[in-house]
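Peer 1: What follows is a structure written as structure tokens; I'll ask about it next.
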Amino acid sequence: MSDFNQPLGGNDMARFSGPATMMRLPSQDTAEGLDACFVGIPMDIGTSNRSGTRLGPRQIRDESRMLRPFNMGTGAAPFDRLQVADIGDVAINTFDLKKTVDIITEHYRGILAHDCIPLTLGGDHTLTWPILRAMKEKHGPVALIHVDAHADTSEHMFGEKEAHGTPFRRAWEDGCLINDKVFQIGLRGTGYSPEDYDWARDKGWRVVQAEECWWKSLTPLMDEIRATIGDAPVYLTYDIDSLDPAFAPGTGTVEVGGLNTWQALEIVRGCAGLNLVGGDLVEVSPPYDMSGNTALIGANLLYEMLCVLP
């Protein structure tokens, strides 16, 4: 019998039953003894359009019941080499975003103190900034692969600095990022001026707009990204709205002309070999996800992140 935790198999208990954890894994209260963990941040108090991402972690976990332990596409068998569990949700203050930002950073300090790699179920994109603050304390500034329809580098939203459109400007201000190793993939849609993406470019970040990705494999792009990042610690943040709404309608800020699911797999699988220190999947909004497919895609991408951990 394996010494590592295993997901509950579909032949042991029907997939519509069993524990309501990520992949029906065992749960525990802390990250002690784990190589990697799944952790939820059920929040939407940073959203600017449609709410609902507070329900994202629960729905992702529910849809993850369809996932099996072996990756047929890549040959990865993460549960044969990593001790993994679901450590539940961060106890946010749903009435105070500023307090919640600090709550998240403190919670992730605790996870990282156990030398555990967190994979986060979101939740709106505000959450990545406080996670990156904890990452900086543990690893120093990190490289960043940011997959999204939106740059999320606004100076403020309605006069507030904490919002799901501001996390990467805040992370830059806090010195969390290695500027020549930051990549933003899939940006698109309408804007306020031709210079909307230039703030990032001026910092040395690589901006890959969605139009550059149409009709292409993204494997060559990921080859370039791996060569640039090298052995630096890297964080992967994946906003589900990077996908075209034909694939992922269940999100709060939909933009047409997005990535497809096989490109999403190429991006995450293309992180294999990197020193990945954490990742998140954000902005799944179940009220707009009638089929559950958006959450199911999110669950798959989180599993793929687990498969490429060092």
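Peer 1: From Leu306, Leu276, Leu243, grab the single residue that is over 22 Å from Val208 (Cα atoms), open to solvent by less than 10 Å² (accessible area, probe 1.4 Å) and in contact (Cβ under 8 Å) with a residue 24 or more places away in the chain.
Peer 2: Criteria check complete, one pass: Leu306.
Peer 1: Could you tell me whether Thr47 is open to solvent by less than 40 Å² (accessible area, probe 1.4 Å), at pLDDT below 95 and not in a strand (DSSP E or B)?
Peer 2: Yes, satisfied.
Peer 1: Of the conditions (1) surrounded by 20 or more Cβ atoms within 10 Å (Cβ to Cβ); (2) among the acidic types (Asp, Glu); (3) under 25 Å from Leu34 (Cβ atoms), Asp231 clears all except one; give me its number.
Peer 2: Condition not satisfied by Asp231: (1).
Peer 1: Right, here's the next one. Just checking, which of Thr237, Thr219 is in contact (Cβ under 8 Å) with a residue 60 or more places away in the chain and either surrounded by fewer than 21 Cβ atoms within 10 Å (Cβ to Cβ) or of a type outside the set (A, V, I, L, M) (or both)?
Peer 2: Exactly one residue qualifies, and that residue is Thr237.
Peer 1: Just one of (1) among the aliphatic types (A, V, I, L, M); (2) in contact with a helix residue (DSSP H, G or I) (Cβ under 7 Å, 6 or more places away or on another chain); (3) modelled with pLDDT of 95 or more trips up Ala151, so point out which.
Peer 2: Only one criterion is unmet by Ala151, namely (3).
Peer 1: Further, regarding this structure: For segment 218-232, state whether one or more residues are in contact with a helix residue (DSSP H, G or I) (Cβ under 6 Å, 6 or more places away or on another chain) and among the hydroxyl-bearing types (Ser, Thr, Tyr).
Peer 2: yes
Peer 1: Have a look at Ile111, Ile104 and point out the one that is surrounded by 22 or more Cβ atoms within 10 Å (Cβ to Cβ) and in contact with a Leu (Cβ under 7 Å, 6 or more places away or on another chain). Talk me through it step by step, then tell me what you get.
Peer 2: On the way: Ile111 fails: in contact with a Leu (Cβ under 7 Å, 6 or more places away or on another chain).
Just a single option satisfies the conditions, and that option is Ile104.
Peer 1: Another question, then. Could you tell me whether segment 83-91 includes any residue that is crowded, with 22+ Cβ neighbours inside 10 Å, under 19 Å from the mean Cα position of the chain (by Cα), modelled with pLDDT of 95 or more and part of a loop (DSSP other than H, G, I, E, B)?
Peer 2: Scanning segment 83-91 turns up at least one residue that is crowded, with 22+ Cβ neighbours inside 10 Å, under 19 Å from the mean Cα position of the chain (by Cα), modelled with pLDDT of 95 or more and part of a loop (DSSP other than H, G, I, E, B).
Yes or no, residue by residue, for (1) farther than 28 Å from Asp223 by Cα; (2) surrounded by fewer than 22 Cβ atoms within 10 Å (Cβ to Cβ):
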residue: Gly122; (1), (2): no, no
residue: Ile131; (1), (2): no, no
residue: His139; (1), (2): no, yes
residue: Leu144; (1), (2): no, no
residue: Asp148; (1), (2): no, no
residue: Ser154; (1), (2): yes, yes
residue: Lys161; (1), (2): yes, yes
residue: Gly191; (1), (2): yes, yes
residue: Pro194; (1), (2): yes, yes
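Peer 1: Can you go through Gly250, Gly270 and tell me which one is among the small types (Gly, Ala, Ser) and crowded, with 23+ Cβ neighbours inside 10 Å? Reasoning before the result, please.
Peer 2: Values: Gly270 fails: crowded, with 23+ Cβ neighbours inside 10 Å.
One residue alone meets the criteria, Gly250.
Peer 1: Is it the case that segment 6-27 has a residue that's at pLDDT 95 or above, of a type outside the set (D, E, K, R), under 16 Å from Asp115 (Cβ atoms) and open to solvent by 50 Å² or more (accessible area, probe 1.4 Å)?
Peer 2: no
Peer 1: Taking only segment 72-82 into account, find how many residues are closer than 13 Å to Ala36 by Cβ, of a type in the set (A, V, I, L, M) and surrounded by fewer than 13 Cβ atoms within 10 Å (Cβ to Cβ).
Peer 2: Within segment 72-82, residues that are closer than 13 Å to Ala36 by Cβ, of a type in the set (A, V, I, L, M) and surrounded by fewer than 13 Cβ atoms within 10 Å (Cβ to Cβ) number 0.
Peer 1: Related question: When only residues in segment 283-303 that are assigned to a helix (DSSP H, G or I) and of a type in the set (A, V, I, L, M) count, which is most open to solvent (accessible area, probe 1.4 Å)?
Peer 2: Leu296
Peer 1: Suppose the filter is touching a residue at least 12 places away in the same chain (Cβ under 8 Å), under 20 Å from Gly165 (Cβ atoms) and surrounded by 24 or more Cβ atoms within 10 Å (Cβ to Cβ); does Gly258 pass it?
Peer 2: Answer is yes for this residue.
The values are calculated or read from the model by the stated rules, or taken from the named source; none is laboratory data. All values derive from a computational prediction rather than experimental measurement. Note: ideal-geometry Cβ built from the backbone for every residue, glycine included; neighbour counts use all protein chains shown. Surface accessibility is based on the protein's heavy atoms, side chains included, excluding ligands, DNA and RNA. Shrake-Rupley method; radii C 1.70, N 1.55, O 1.52, S 1.80 Å.
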